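Here's the structure we're looking at; comments come further down.
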Amino acid sequence: MVRVLLNYGAREIGAGETGVSRESQEDGILPVQQPLSERKDRWTPLHLAANNGKVAIVRLLLDRGANVNAENDIGDTPLHSVSWGIYESHEDGIGVAQLLLEYGADANARRNDRWTPLHLAAHNGKVAIARLLLDHGAKTNAETDIGDTPLHSVSWGIYKSREDGARVAQLLLESHVDVNARRNDLWTPLHLAAHNGKVAIARLLLDRGATANAENDIGGTPLHSLSWGKYEPKEDGVRVAQLLLERGVDVNARRKDRWTPLHVAAHSGDLAIAQLLLDHGAKANAENDIGGTPLHSLSWGKYESQENGVRVAQLLLERGADVDARREDRLTPLLVASHNGMLDIVRHLLNQGAKVDAVDVSGKTPLHEVSQGAYASEDAGVGVARLLLEYGADVNTKTKSGETPIDAACRCQRFKLAELLLESIASVHAETMGELGNGRN
């Protein structure tokens, strides 16, 4: 029936539908589509047929003169569309790609973001299509607008199985791709594989000579990239870290800001990675460019739960981290955690002997810091302030400019917190008067 419709020019038979698309929908071949002139995304029937792996429809459209290199609104050609397609059978995808190439599809066509079909096939783990593209002259070291090569693309790819990604990486490496290619930000494929927990790909890259201590634009090594990585399950990150450490990566490597991988892991609340780094000689009191230790980094960290942070804090302290370590501005981890409303971290630091009235270079105490802190909920600040008071924090301490914690709370419109501090002063005053009264008797 589709052939008949094409023979009759695929005349429009309904608002926003063509004969081809209506018949294709009924046959389960293609989704309903608007006429080409009305589609805002500029997808042609050939784009859709290619993306869905519809070999017979693709052949009919090409036989009837469909533009094999037509571009949609982001510059995708039909060959791009099949390279990330949503078809169930690999054979369908290969069949479509083969047809497109036979009809003159450009194997190195560029989207608006400079991605080629090979970038997409690599990113999506389309092994057979990647091989077909390479056989038809696809450039292995083509760069996107941010400098990604296809090897970069597979190293942070999304594919059905790990094996698919590894097989594409193997294919690219056998095709003389640059294993240490640099993006605009100087990330190598190994940086990306580490960051995304791609164990098999990381191993392949290292086996092919990837530089384990390569530095990106901020001086980060693949071990830095892994230490704030995006991987699931967490075991993948540990396995990549072990692999990097086995291959001689520097566990105490410094970024330009002097952060070590342990600073990064602590900031991310990654217990398993932090433990592995410490087991391999990471320095628990390493200082960054402002004198911050990993315990400082943790105290303003971004992690799934404060429970994760507490576990990392406990680990660092067990391995010799200084609970009262000072940055250049004299901030201790407790001052930093108080400023950020990290209640559980504050409690743990206090339990481990952190000085409740430690002062920074301007004379601020943890109570000052929480009174002018950066936290989403004022209740978090109130909780930290109450805890500090329970541990004996001095509510009347003044900074070098003469500001008390109450002054700071009022200035920052932390009114609940100011009320708590005023109640504390009243309580102390009542106790003092009571003691004086008892002394007269």
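FYI, it's all coordinate maths here, none of it is from the lab. All of these numbers come straight from a predicted model, not from anything done at the bench. Neighbour counts are summed over all protein chains in view; Cβ atoms, including those assigned to glycine, are modelled from backbone coordinates with ideal geometry.
Observations
- ASP178-ARG386 FRET efficiency (beta carbon distance; Förster radius 51 Å; 0.05 resolution): 0.35
- Net length gained if the chain between GLU307 and VAL361 were fully extended (0.36 nm per residue, minus Cα distance): 16.4 nm
- Equivalent ellipsoid of region 283-429: semi-axes from √(5λ) of the C-alpha gyration tensor, largest first, are 25, 16, 13 Å.
- Here's the picture: charge each Lys and Arg Cβ at +1 and each Asp and Glu Cβ at -1 in the chain, and of ALA121, ALA284, ALA142 the one pushed furthest to the positive end of that dipole is ALA142.
- Extended-chain gain in nm, criterion 0.36 nm per residue less alpha-carbon gap, ASN285 and ASP324: 12.9 nm
- The Rg/Rh ratio of region 57-144, with both radii computed over alpha carbons and Rh defined as the Kirkwood radius, is 0.93.
- About the Cα centre, charge dipole magnitude for the chain (Lys/Arg +1, Asp/Glu -1 at Cβ), debye: 500 debye
- Here region 115-225 is described by how far its Cα atoms reach on the three principal axes: 37, 26, 22 Å, from widest to narrowest.
- The length gained on full extension between GLU163 and GLU102, counted as 0.36 nm times the residue separation minus their Cα-Cα distance, comes to 19.1 nm.
- Averaging the Cα positions of each part gives two centres, and for region 181-244 and region 100-155 these lie 22 Å apart.
- Using the Cβ-Cβ distance between ARG114 and LYS234 with R0 set to 45 Å, the FRET efficiency from 1/(1 + (r/R0)^6) comes to roughly 0.85.
- Entries in LYS54/LYS160; LYS40/LYS139; LYS40/LYS198; LYS230/LYS364 that, when Cα-Cα distance is taken, lie over 29 Å: LYS40/LYS139; LYS40/LYS198; LYS230/LYS364
- Look at the alpha carbon pairs under 8 Å that are at least 6 residues apart: their mean separation over the length of the chain gives a relative contact order of 6 percent.
- Options LEU62, VAL310, THR404, ranked by Cα towards positive dipole end of the chain, top entry (Cβ charges): LEU62
- Charge dipole (the chain, unit charges on Cβ, about Cα centre) - positive-most of ALA49, GLN98, SER83: GLN98
- Long-range tail of P(r) for the chain (Cα pairs > 36 Å, %): 49 percent
- For LYS416, a cut-off of 19 angstrom between C-alpha atoms picks up these aspartates and glutamates, skipping any fewer than 8 places away in its own chain: GLU369, GLU378, ASP379, GLU390, ASP394, GLU403, ASP407.
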